[in-house]
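Engineer: Below is the structure I would like to discuss, written out as structure tokens.
Here, each number is a calculation from the coordinates, and none is a lab measurement. Owing to the predicted nature of the structure, the values given are computational and were not obtained by experimental measurement. No Cβ is skipped: glycine too gets one built from the backbone with ideal geometry, and neighbour counts run over all protein chains shown.
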Amino acid sequence: MAIKDYIRERFFPHIWCPGCGHGMVLNGLLRAIEKIGLDKNEIVMVSGIGCSARISGYVDFHTLHSIHGRALSFATGIKMSRPELKLIVPMGDGDALAIGGNHFIHAARRNMDMTAIIINNRIYGMTGGQHSPLSGYGTMSATSPYSNIDNDFDVVELSVAAGASFVGRTTTYHTKQMTDILGQAIIHKGFSVVEIMSQCPTYFGRKNRLGSAIDMLEGFRKNTTPIGSKAKQKDPDLIERGIFVRKKMPEYCDEYDKIIKRAMKGN
Amino acid sequence: MNENLKFIQGNEFCVEAALYAGLDFYAGYPITPSTEILEHMAKRLPEIGGKFLQMEDEIASLCAIIGASLTGHKVMTATSGPGFSLMQEALGYAIMAEIPCVIVDVQRGGSSTGIPTHVGQGDVMQARWGTHGDHAIIVMTASNHQDVFAITVDAFNLAETYRTPVILLFDEVVGHMRERIFIPAKGEIPLVERLRTSVKKGVDFHPYLPREDGRLPISDFGEAHRYNVTGMVHDMWGFPSDNPKIAYGLVRHLVDKIENNTDKIARYKEYYLEDARTILISYGSAARSALHVVENRRSRGESLGLLELQTLWPFPYSLVQEKCADAKYVVVVEMNAGQVLQSVKICVDRPERVFLANRIDGVFITPTDIRNILRLIEGKGV
Ligand SMILES: Cc1ncc(C[n+]2csc(CCOP(=O)(O)OP(=O)(O)O)c2C)c(N)n1
Ligand code: SF4
């Protein structure tokens, strides 16, 4: 199936700014889905609220554009009630980790089979460029006009600690790796997290004088490195990309099926 | 003993009613005085092959059942005041996206954390207006266990009929009290199933284009039709829109589909109203004390009557007006500062003759409390 067959052309043009990373993530995701050869009818995409959350409107799957921060909770209900469906949940960094942070760690802990994609542009794009939990110390935003004193956290470390059974990271610059990791995350049975470092040239880029979208992409190339590379040993500030965790763990819906069997037997 | 006869708590009976109505998915978070519902669901659902989830909070609980409803399941969650407050945003989502679900609020005393183990009826207005924006909502209640059963089944039927959340506003007394109950046989109470679209695969399906009668056929997530669901103002495709005409049409549809059917949704019971000079209006556990007073006074030949409301929203204004037309006095009996009182005053011909008999201290309102108010109205002093 061609990529355009996964798209709802009726709803274009999209709302994103020129150079925004969200369209690149959409593209990478559709390529991954095409590669795996999933049927459109077996995919449910659930999103919250934000520029990133609008991805769900443009794809020809069963799509639920829900409320800010709660996408994973809706997805949990859908998956649990119909486990044969494939759940894909794209979220902004604010959506997933500020207002939705609690749902995120509990979804990771539960290990229900779904793929959480955190599109980390380090800013609240939709509301006009306020700092997010991922902005980081020393960055500039509409609500940190004198420089941000909020510390960020590492999405990968958080996901691992919370118990996600698949954790990966890539960037919008590394399109091939993005498609590859997303594909593996979707195939993985259990709760998978993919952090995609992405650019919001309109707010994060402008406020932090990072130049154009292309300059920001170039930044991802320079500031990241494959997991365990020699470059990382030389420069510990480099951010690693790749698959950090992939482990077999009991999946929640499977476990609940066992509970049903026990309850039906009367013990 | 008849095996359908049991002696159980209202909360547990609500679970049995939900299962009778066809519920097979539940998500919740513990909170007094609703916790028994969560615990019974955890035990009962897997026994019938249904699904139970304990979520990380009430927000996630409501969101999860909304998701499960979209795949075609009958769903419910239960909570009390603090949890109900947390649910308000997702409640609005279910209203906007027209996703059937049942939310039980077993009311406790007071606001905020209040008095968790005591009774109150202070969530009547929150149930009506707790979520933001113009909308309509169905809110039902009951005063005894047998009615809890019937009203719970009704709640599922109405949720499916109108594609809307329905709130069951029970209270601590009804939830915790034990009463002898009788489980109706299968088929005794008719059940409503969701109206599913007849549009064939491959033909354009408009998920948000209501039929002329206001009903909106659904296609379950995972079935042939793929479409978008959103809490934003949306067009017939379910796609966000800021077109004023579309926004107007949507708000009107969401309100009218319920308020134009107020008569059909109104559930109530009446006792001795034909010749009543003084009418008590009450609901939930407070109506038990009101009925006690009415029967007591009737036995002494006094013309008292009781109108027990079981549908609180949409408020049955014309019903109340009609029933109270000949009354000299109307006394609203409730355990809050006068939340149903306001609606009664709006619709009766002589609002100055409407009085309140209430308690707001977490203590169950007694027949004596009501009698004291009646004596004051009658000029007899307490
Ligand atoms: C309960 C609630 N609070 C606040 C908002 C306003 N809001 C909309 S999107 C958003 C943040 C978006 O940032 P992010 O999730 O990082 O996504 P992005 O727009 O950057 O893609 C906020 C705060 C909302 N819609 N709902
Ligand atoms: S504001 Fe930022 S995140 Fe939103 S569309 Fe524009 S570039 Fe993308």
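Engineer: Which of rounded, prolate, oblate describes the range B:269-377, given a ≥ b ≥ c as roots of the alpha-carbon gyration tensor eigenvalues and a/c under 1.5 marking rounded, otherwise prolate only if a/b is larger than b/c?
Structural biologist: The shape class here is rounded.
Engineer: Would you please state which residues of the range B:126-168 a label at residue B:182 would reach in this model, taking the label point 7 Å out along Cα→Cβ and a backbone N cut-off of under 20 Å?
Structural biologist: B:142-154
Engineer: Let me know the charge dipole size of the range A:3-265 about its Cα centre in debye, to the nearest 20, where only the beta-carbon of Lys, Arg (+1) and Asp, Glu (-1) is charged.
Structural biologist: Dipole size: approximately 360 debye.
Engineer: Once label points are set 7 Å from the Cα along Cα→Cβ at both residue B:366 and residue A:137, what is their separation, rounded to one decimal in nm?
Structural biologist: 6.4 nm
Engineer: Continuing with the same structure: Lysines near residue A:222 by alpha-carbon distance under 28 Å, same-chain residues fewer than 8 away left out - which ones?
Structural biologist: A:176, A:207, A:230, A:232, A:234
Engineer: Sticking with this structure for a sec: Nearest 0.05, what FRET efficiency do residue B:375 and residue B:215 give at R0 = 60 Å with Cβ-Cβ as r?
Structural biologist: Result of the calculation: an efficiency of 0.75.
Engineer: If you place +1 on the Cβ of every Lys and Arg and -1 on the Cβ of every Asp and Glu, how big does the dipole about the Cα centre of chain B come out, in debye to the nearest 20?
Structural biologist: 520 debye
Engineer: By its C-alpha gyration tensor, with a ≥ b ≥ c as the square roots of the eigenvalues, how is chain A shaped: rounded for a/c under 1.5, else prolate for a/b larger than b/c, else oblate?
Structural biologist: Prolate.
Engineer: Place a label point 7 angstrom from the Cα of residue B:115 along the Cα-to-Cβ direction, then list the residues of the range B:359-382 whose backbone nitrogen is under 15 Å away.
Structural biologist: Residues passing the 15 Å test: B:359-366, B:369.
Engineer: List residues of the range B:113-151, by number, whose backbone nitrogen lies under 20 Å from a label position 7 Å along Cα→C-beta of residue B:255.
Structural biologist: B:125-139
Engineer: Charges at C-beta only: +1 for Lys and Arg, -1 for Asp and Glu. How large is the resulting dipole of the range B:9-155 about its Cα centre, in Debye rounded to 20?
Structural biologist: Roughly 40 debye for the range B:9-155.
Engineer: Can you give the Rg and Dmax of the range A:163-247 based on its C-alpha atoms, in angstrom?
Structural biologist: When restricted to the Cα atoms of the range A:163-247, Rg and Dmax are 14.0, 41 Å.
Engineer: Still on this structure: In Å, what Rg and Dmax follow from the Cα atoms of the protein assembly as shown?
Structural biologist: Rg and Dmax of the protein assembly as shown, Cα atoms, are 27.4, 97 Å.
Engineer: I've got another one for you. Listed here are the pairs A:261/B:43; B:74/B:186; A:35/B:201; A:247/B:51; which of them are more than 19 Å apart at the Cα?
Structural biologist: Working: A:261/B:43 13 Å; B:74/B:186 17 Å; A:35/B:201 25 Å; A:247/B:51 26 Å.
Violating the 19 Å limit, Cα to Cα: A:35/B:201; A:247/B:51.
Engineer: Would you work out which of B:253, B:222, B:233 lies farthest towards the positive end of the dipole of the range B:176-262? Charges go on Cβ: Lys and Arg +1, Asp and Glu -1.
Structural biologist: B:222
Engineer: With labels modelled as points extended 7 Å from the Cα through the Cβ direction, what inter-label distance (nm, one decimal) is found for residue B:317 paired with residue A:265?
Structural biologist: Here the answer is 6.0 nm between the modelled labels.
Engineer: Could you tell me the extents of chain B's C-alpha atoms along the three principal axes, largest first, rounded to whole Å?
Structural biologist: 74, 51, 40
Engineer: How charged is the neighbourhood of residue B:213? Take every other residue with its Cβ under 13 Å from the Cβ of residue B:213, and add Lys/Arg as +1 and Asp/Glu as -1. Mind dumping the intermediate values first?
Structural biologist: Working: positive: B:163, B:211, B:215, B:257, B:264; negative: B:212, B:256.
Neighbourhood net charge equals +3.
Engineer: Could you work out how far apart the two model spin labels at residue B:269 and residue B:132 are, taking each label as a point 7 Å from the Cα in the direction of the beta carbon, and quote it in nm?
Structural biologist: According to this spin-label approximation, the distance is 4.0 nm.
Engineer: Now, a different point. Please average, across the residues of A:34-41, the number of beta carbons from any other chain that are within 10 Å of each residue's own beta carbon, and give a whole number.
Structural biologist: Averaged over the peptide's residues, the number is 1.
Engineer: Using Cα-Cα distances under 8 Å and only pairs 6 or more residues apart, what relative contact order does chain A have, in percent? Mind dumping the intermediate values first?
Structural biologist: On the way: 571 pairs, mean separation 48.1, N = 267.
Result for chain A is 18 percent.
Engineer: Please compute the contact order of the range B:269-377 in relative form: average sequence separation of alpha-carbon pairs under 8 Å and at least six residues apart, divided by the residue count, as a percent.
Structural biologist: 29 percent
Engineer: Radius of gyration and Dmax for the range A:1-124's Cα atoms, expressed in Å?
Structural biologist: 13.7, 39
Engineer: Classify the range B:5-182 as rounded, prolate or oblate from the Cα gyration tensor: take a ≥ b ≥ c as the square roots of its eigenvalues, call it rounded if a/c is under 1.5, otherwise prolate when a/b beats b/c and oblate if not. Walk me through the numbers on the way to the answer.
Structural biologist: Values: a/c = 1.40, a/b = 1.08, b/c = 1.29.
Since a/c stays below 1.5, the shape of the range B:5-182 is classed as rounded.
Engineer: Normalised by the residues of chain B, what does the relative contact order come to in percent, with Cα pairs under 8 Å and at least six apart?
Structural biologist: Computed over chain B, the figure is 16 percent.
Engineer: Tally Lys/Arg at +1 and Asp/Glu at -1 over every other residue whose Cβ is under 14 Å from the Cβ of residue B:134; what's the total?
Structural biologist: For residues surrounding residue B:134, the net value is +1.
Engineer: Here is a further query. Under the 0.36 nm per residue contour assumption, what length would be gained going from the current alpha-carbon distance of residue A:206 and residue A:109 to full extension?
Structural biologist: Here the segment from residue A:206 to residue A:109 would lengthen by 31.2 nm.
Engineer: Among B:299, B:80, which comes first, second and so on when ranked by fewest other beta-carbon atoms within 10 Å?
Structural biologist: Least crowded to most crowded, the residues run B:299, B:80.
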